[in-house]
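The values are calculated or read from the model by the stated rules, or taken from the named source; none is laboratory data. Remember, predicted model here, so these are calculated numbers, not experimental data. All Cβ positions, glycine included, derive from the backbone under ideal geometry; neighbour counts span all protein chains shown. Keep in mind that these areas ignore ligands, DNA and RNA; they rest on the heavy atoms of the full protein, side chains included. Shrake-Rupley method; radii C 1.70, N 1.55, O 1.52, S 1.80 Å.
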Amino acid sequence: MTAALFFEQLLNGLQFGVTLFLMAAGLTLVFGVMGLINLAHGSLYMVGAFACAAVAAATGSFWLGLVASIVAAAFAGALIEMTVIRRLYNRDHLDQVLATFALILIFSEGCRFIFGSFPLFLDVPAILAGPITLPGGLPYPIYRLSIIVVGGLVALGLYLLIAKTRLGIRIRAGEADREMIAALGVDIRTLYTIVFALGAGLAGFAGALVGALQSVQVGMGEPVLILAFVVIVIGGIGSIKGALIASILVGIVDTLGRVSLPSLFGLFMDPSAANSIGSSLSSMLIYVLMAVVLIFKPEGLVSQNG
Amino acid sequence: MASLSRETLLNIFLTIGMLALPFVATAIDEPFYITLATRVAILGLAGVGLNLALGTGGLVSFGHAAFFGLGGYAAGILASHALNYTPIMESPFLIEGTNQMLIIWLVAIIVSGIGAYLIGLLSLRTSGVYFIMITLAFAQMIYYFAISWPAYGGEDGLSIYVRNAFPGVNTLDPQGFYFICFALLMAGIWLSATLKNSRFGAALQSARQNEERLSAVGVKPFNIKLTAFVISGMMTGLAGALFADLNRFVSPSMLSWHMSGEIMILVILGGVGRLYGPLAGAIIYIIFEFIFGGMTEHWQFFLGLVLLGVVLFARGGVIGLIAGRARHD
């Protein structure tokens with residue numbers, strides 16, 4: 001593998017990691033503040049992608065689509081929080097899993113009913129299409145590079161929101177002791193709805209960003225959801241910092257593994273066997289990573305209690 | 001006591017109903033109902049397996065499709081090698097394919113047991129949400145492995161051209177195969193009942209209720225939970241082998257997390273921790289699928305609504321509705 005290819009794949013891994021972070025941040029925030037495991041987070045990602053594709057197709061503007069993805073997912077998030085999720089905060093995890101699994105079925109079939117089973121396609125806006133030459137002479141797609149930049153900005157924005165603003169103080173207080181902040185006169189119900197809608201908006205935004213790279217279809221959120229679970233297990237549940245570190249780690253390990261394992265096995269096997277073994281093993285790599293983290297740090301890389 | 005006997009009555013009714021069903025189906029000339037009933041028995045058995053971990057042990061495994069699929073692939077791989085007369089491996093010792101169900105079941109149980117042991121060893125170090133996510137993630141790992149491993153069909157799956165054989169029973173006859181599945185379901189229920197009432201079952205239930213107390217009396221909760229998880233995975237794996245034989249087809253979809261969700265749904269619909277809960281749940285699930293699936297391709301939308309209703313408003317499942325609350329809840 002040449003240095004240029006390695007660097008390109010590293011950037012791809014970073015881009016993948018950044019989109020995973022947008023998903024994982026919402027999941028881990030919702031878990032940290034409300035103690036809720038939300039399987040329907042992947043559905044919100046899908047809602048965002050479909051909203052973006054539909055609005056972009058109707059208006060011809062990707063940017064309006066992007067705004068629509070955040071608005072639609074945040075709205076859908078607030079809606080399910082107020083109708084269903086709210087009733088689950090005091091239930092055990094089994095009930096939360098089942099109810100949010102039911103929401104997945106409802107969202108997926110609802111989406112299939114409205115948009116049909118065929119994938120929609122979302123074009124990258126003209127200004128971001130094509131490659132850019134990086135310092136060192138390496139050409140790289142502008143769109144992917146912008147995802148990395150935007151993801152970095154979102155991470156920074158989340159940090160500022162949680163560390164510096166009044167809402168952030170309330171969110172942190174809600175994580176620490178929900179009875180106490182309710183007793184201090186903070187409207188905890190509204191706070192929960194806002195946190196849930198914030199996480200949903202991020203998921204929808206991620207869906208729209210990835211939708212332009214891949215296709216927009218029913219069920220697109222589920223593989224990403226499970227990867228986001230892996231991310232927050234590795235990072236430590238409830239920790240945004242852990243989610244950021246772990247999502248970039250997972251993104252890079254997965255991308256580099258897929259590229260390098262087949263050629264690594266090719267060194268001592270015939271090419272077709274190396275290809276099949278390499279690709280099957282590389283699809284397991286991040287789960288192995290998760291298992292290793294679990295063995296040595298069962299609480300995740302960034303422990304909430306530590 | 002009255003509520004308990006009502007549950008027992010319901011169990012007896014379900015057993016007699018399942019026994020009579022193939023004869024009724026033949027009498028009214030609807031042989032397809034036997035296939036539906038076979039699906040009920042097999043999914044019920046998978047649910048009985050999950051129920052041991054979930055209901056008795058409180059281990060919310062969202063990765064039981066892994067064991068279901070491992071059992072299925074064990075059946076599919078053995079049968080395909082037997083069909084092609086090619087050994088599975090020659091060195092260091094010879095392993096050949098087979099089409100004998102008894103051997104296939106044994107292999108399926110062993111393979112899914114090993115899988116459950118390895119997954120349990122790692123995931124039982126954690127609890128709560130971590131446990132749910134990790135079982136889900138490891139099941140997904142096996143799913144992706146099955147998709148990207150080309151030797152046994154990869155994404156396309158693997159066909160079993162002739163249903164495997166059982167001594168003395170014509171398995172190609174739907175009734176014969178149904179009674180095999182039904183007998184195994186009953187054996188699974190019997191095993192669950194025996195385990196639940198044994199010293200092991202008492203330890204498992206206290207591991208669910210209060211781990212500290214269990215440790216205080218000198219029993220390691222981890223070992224108890226791991227044992228329960230392995231037995232649970234084995235039962236679900238056996239169901240997977242039967243499912244492969246029923247469809248004469250194995251594919252990665254048996255390993256997908258929708259399958260885990262499906263098995264969990266039918267345990268919940270029937271009633272968590274109830275002996276006959278998975279069977280009752282499977283009956284409802286299959287009838288629901290049959291009726292609504294025939295009316296609209298979007299039947300899962302309605303399944304979602306029903307599931308949501310059951311979780312939010314009817315937590316004891318159907319058996320809870322009919323027979324009242326369980327004694328020890």
Query raised in the report: Could you give the dipole magnitude of chain B about its Cα centre, charging the beta-carbon of Lys and Arg +1 and that of Asp and Glu -1, in debye to the nearest 20?
Result: 1220 debye
Query - C-alpha long axis of helix A:3-34 to longest principal axis of chain A, angle in ° - result: 10 degrees
Query - Dipole moment magnitude, nearest 20 debye, chain A about Cα centre, only Lys, Arg, Asp, Glu C-beta charged - result: 520 debye
**Report entry** Nearest-ten-degree value, helix A:240-266 long axis tilted from longest Cα axis of chain A
**Finding:** 20 degrees
Query raised in the report: Taking only the alpha-carbon atoms of the range A:1-89, what semi-axes of the equivalent ellipsoid follow from 5 times the gyration tensor eigenvalues under a square root, in whole Å, largest first?
Result: 29, 22, 8
Report summary line: On complex formation of B with A, accessible surface lost, both sides summed, probe 1.4 Å, nearest 100 Å², amounts to 4200 Å²
Report summary line: Carbon and sulfur atoms account, in whole percent of the 1.4 Å probe accessible area of chain A, for 69 percent
**Report entry** Descending semi-axes in Å of the protein assembly as shown, equivalent ellipsoid built from Cα gyration tensor
**Finding:** 40, 31, 24
**Report entry** Rg to Rh, two decimals, where chain B supplies the alpha carbon set and Rh follows Kirkwood
**Finding:** 0.97
Requested in this report: Quick one: check the C-alpha center-to-center distance for the range A:70-139 versus the range B:268-285, whole angstrom.
Outcome: 32 Å
Query raised in the report: Check residue B:165: other-chain or 5+ apart residues with amide H under 5 Å from its amide H, H built from backbone geometry?
Result: B:100, B:101
Query raised in the report: Which angle from 0 to 90°, rounded to the nearest 10, does the C-alpha axis of helix A:166-176 make with the longest principal axis of chain A?
Result: 90 degrees
Query raised in the report: Expressed in nm to one decimal, what extension gain is obtained for the pair residue B:110 and residue B:212 from 0.36 nm per residue of sequence separation less their Cα-Cα distance?
Result: 33.5 nm
Query raised in the report: Considering only protein heavy atoms, what is the solvent-accessible area of residue B:206 at a probe of 1.4 Å, reported in Å² to the nearest 10?
Result: 40 Å²
Report summary line: Rg from C-alpha atoms of the range A:3-296, normalised by the globular rule of thumb 2.2 N^0.38 Å, equals 1.04
Requested in this report: Enter the Cα centre distance for the pair the range A:234-257 and the range A:265-306, rounded to the nearest angstrom.
Outcome: 13 Å
Query - Distance between the range B:1-80 and the range B:138-179 - C-alpha centres, whole angstrom - result: 18 Å
Query - Value at 222 nm in deg cm²/dmol, rounded to 500, when DSSP H runs of n ≥ 4 in the protein assembly as shown each add -39,500 (n - 2.57) - result: -24500 deg cm²/dmol
Report task. Enumerate the helices in chain B for which the Kyte-Doolittle hydropathy averages -0.5 or more and the C-alpha atoms extend at least 24 Å along the helix's axis, using complete DSSP H runs. Result -> B:2-27, B:32-51, B:65-84, B:101-123, B:128-148, B:174-197, B:221-247, B:277-295
**Report entry** Exposure of residue A:254 as accessible area (Å², to 10), given a probe of 1.4 Å and all protein chains
**Finding:** 10 Å²
Requested in this report: Quick one: divide the alpha-carbon radius of gyration of the range B:231-329 by 2.2 N^0.38 Å and tell me what you get.
Outcome: 1.15
